[in-house]
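**Student:** Quick one: this structure, given as structure tokens, is what I'll be asking you about.
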Amino acid sequence: MKLFNIVKTFAKSDSGAVTVDWVVLTAAIVGLGIAVLSTVRGGVNDLGGEISDALSEATVASPSTLGWSN
């Protein structure tokens, strides 16, 4: 009868339900993150390329150009 009581107590316990809720919530957040990354990836890559091109074409001004004298 003791084993039956242990099984009965285990079946009534709802502490695992909270764990299941957290697992489902975490899976939803991870799925949302993956969806956002796949949506934004192309724009971020294009923007990174444009920034790289702009920095490659940029020139650094000399102090005399800025009005500073030596």
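The values are calculated or read from the model by the stated rules, or taken from the named source; none is laboratory data. What you see is a predicted model, and the numbers here were worked out from it, not measured in a lab. In case anyone asks, the SASA skips ligands and DNA or RNA and just uses the protein heavy atoms, side chains included. Shrake-Rupley method; radii C 1.70, N 1.55, O 1.52, S 1.80 Å.
**Student:** In the stretch 6-63, which residues are of a type in the set (A, V, I, L, M) and not in a helix (DSSP H, G or I)?
**Tutor:** ALA58, VAL60, ALA61
**Student:** Could you identify the single residue in SER69, SER13 that is open to solvent by 70 Å² or more (accessible area, probe 1.4 Å) and modelled with pLDDT under 85?
**Tutor:** Details: SER13 fails: open to solvent by 70 Å² or more (accessible area, probe 1.4 Å).
That would be SER69, the only listed residue that is open to solvent by 70 Å² or more (accessible area, probe 1.4 Å) and modelled with pLDDT under 85.
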